[in-house]
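Working notes, structure below.
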Amino acid sequence: MKRATLRGQPLAIQIRWMIKRDMPEVLAIEQASFDTPWTEEDFLSALRQRNCIGMVAETHDRIVGFIIYELHKTQMVVLNLAVHPELRRRGIGRQLVERLINKLTQQRRDKISLEVRERNLPAQLFFKALGFQAVRVLREYYPDTGEDAYVMQFRLPDSTSQTSKTAA
């Protein structure tokens, strides 16, 4: 398939747990995506934590995106998310985040949090479109630039308020 025929069309992917052999492709996506990319040691250090999980999006035996997140008592925290630059705006990032949203429950983990660089407007708009809201500013959060971070959060709607809204 030509790249031009793929551009803009939704891409069918499979999402699976990240394994060590995925690291070269994950690192390539990371380096193509960020000015200050994580190193292999950054990934391995995060994934060694008991509460940290990595997933990859794959199509035609090629990794096209990934997400790294932590499980906490009442929430999940996204540490890193990237999609191959040539395949952005094809629903890959959306499917990765929706996988986390679908894991939320009223009884246990009911929110997802993450930090986004102040100047990363595409990421802010991406998460806003998925129902995330900016809830806090972390001043001078990023040591490489001194840039602020926006804490963005997705919360499950409260089931009791949803019931009263639909009944009205």
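Coordinate-derived values only; no laboratory data. As the structure is a computational prediction, the values presented were derived from the model and not from experiment. Positions of Cβ are generated from backbone atoms using ideal geometry, with glycine treated the same way; all protein chains shown enter the neighbour counts.
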Fill in the blank from the handout: Here the range 94-102 yields Karplus 3J(HN,Hα) values (6.51, -1.76, 1.60; θ = phi - 60°; whole Hz; Gly and Pro given as x) of 4, 5, 5, 5, 5, 4, 5, 4, 5
Completion exercise
Ranked by GNM mean-square fluctuation in the chain (Cα springs under 10 Å), the top entry among PHE127, PHE34, PHE43 is PHE34
Problem - For log10 I(q)/I(0) by the Debye sum over Cα atoms at q = 0.08, 0.09, 0.12, 0.18 Å⁻¹, calculated from these coordinates, the label among (i) -0.26, -0.33, -0.59, -1.26; (ii) -0.41, -0.50, -0.81, -1.19; (iii) -0.21, -0.26, -0.47, -1.09 - result: (i)
Completion exercise
Checked the range 39-115 against the a/c 1.5 cut and the a/b vs b/c comparison, axes a ≥ b ≥ c from its Cα gyration tensor; verdict oblate
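How much length is gained if the chain between ASP42 and ARG89 is pulled fully straight, taking 0.36 nm per residue apart and subtracting their Cα-Cα distance, in nm to one decimal?
Numbers: separation 47, 0.36 × 47 = 16.92 nm, distance 2.65 nm.
Full extension of this stretch gives 14.3 nm more.
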Exercise for the section: Grab the DSSP H runs of the chain that are 4 residues or longer, score each as -39,500 (n - 2.57), total them, divide by all residues and round the 222 nm result to the nearest 500 deg cm²/dmol. Expected result: -8500 deg cm²/dmol
Exercise for the section: Would you work out the charge dipole size for the chain about its Cα centre, treating the Cβ of every Lys and Arg as +1 and the Cβ of every Asp and Glu as -1, and quote it to the nearest 20 debye? Expected result: 780 debye
Handout entry: Choice from GLY131, GLY54, GLY146 showing the highest fluctuation, given a GNM over the chain with Cα pairs closer than 10 Å
Key = GLY146
Handout entry: Gaussian network model of the chain, Cα within-10 Å springs - most flexible of PHE66, PHE126, PHE154
Key = PHE126
